[in-house]
1. I'd like to know which of A19, L194, V109 lies farthest towards the positive end of the charge dipole of the chain, counting +1 on Cβ of Lys and Arg and -1 on Cβ of Asp and Glu.
2. Between Q231 and I79, what is the label-point separation in nm under the 7 Å Cα-to-beta-carbon projection?
3. Treating only the Cβ of Lys, Arg, Asp and Glu as charged (+1, +1, -1, -1), what charge dipole size does the chain show about its Cα centre? Round to the nearest 20 debye.
4. Nearest 500 deg cm²/dmol is fine: what mean residue ellipticity at 222 nm does the chain get from its DSSP H runs of n ≥ 4 alone, each adding -39,500 (n - 2.57), divided by its residue count?
5. Please report, in whole Å³, the volume per residue of the convex hull around the C-alpha atoms of the chain.
Amino acid sequence: MKRVFILLYGVVCYLLFLAAFLYLIGFVGDLLVPRSVDRGNPSAGPGGWLANLGLVALFGLQHGLMARRPFKAWITRFIPSAMERSTFVLATVAVLTLLYTQWRPMPDVVWSVEHPVGRAVLHALFAAGFGIVLVSTFLIDHFDLFGLRQSWLGFRGKPYTKLRFTTRLFYRHVRHPLMLGFLIAFWATPTMTLGHLLFAGAMSCYIFVGIAMEERDLLRDDPQNYGAYRQTVPMILPLPRGRTAAAAVTAE
């Protein structure tokens, strides 16, 4: 019965995250959702920008804290290790839901691209950004990243084994293509409002902080292979830096 619960828990958390991710696309792009970065809630009054920053900071705190090894060691004292990643995913859904429902639009326009070609290019970049995010999750291991693999192994009574991935496709050109995809999606908009600018800027700051923490863990796990990979492949921008390392690196 316990194993069945672990599997069901993982599936439910994954489906909730899938819904939250799809809503994120609509939230950032102001597409088909009741509340977006630019619309839905009352506009932010004096000090509203501070509340919006607090929502992004809460997201960053949840991600930064729960992804670290000391927290994982602590929480698995109370829940099976097979549920740890799904719990992280569920907490992410909760924080994103809070952000979606409590975000206060700041509608003042910072820039607006009116030319049809320019707008089409920016819309295409927005779609490409989220496309890069989605493909990157499968290059790592989509189901491990969102807890389903751990739940399945727990259901079967098998221990978790860490994944290894080779530097294929996007990972041959940048070390963090998933984060690059988010950066493109957050900034590629034909109409940049003050609220969207605040969201994109704050999330970008978190992304670079998160990359720094993740790289520290990866270097600690495999200093030789990941160190060589880090020396030859750029972090975010796909600029030439010599031949891509072929060595496998350990995924978090």
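1. Working it through, the farthest residue towards the positive pole turns out to be A19.
2. Modelled inter-label distance: 4.0 nm.
3. Numbers: 24 positive and 13 negative charges, 194 e Å.
Here the size comes out at about 940 debye.
4. Numbers: 10 runs with 160 residues, N = 252.
Rounded to the nearest 500, it is -21000 deg cm²/dmol.
5. On the way: hull volume 34.0 nm³, N = 252.
That works out to 135 Å³ per residue.
Here, each number is a calculation from the coordinates, and none is a lab measurement. Just so it is clear, the model here is predicted, and its values are computed rather than measured. Cβ coordinates were reconstructed from backbone atoms using ideal geometry, including for glycine residues, and neighbour counts include every protein chain displayed.
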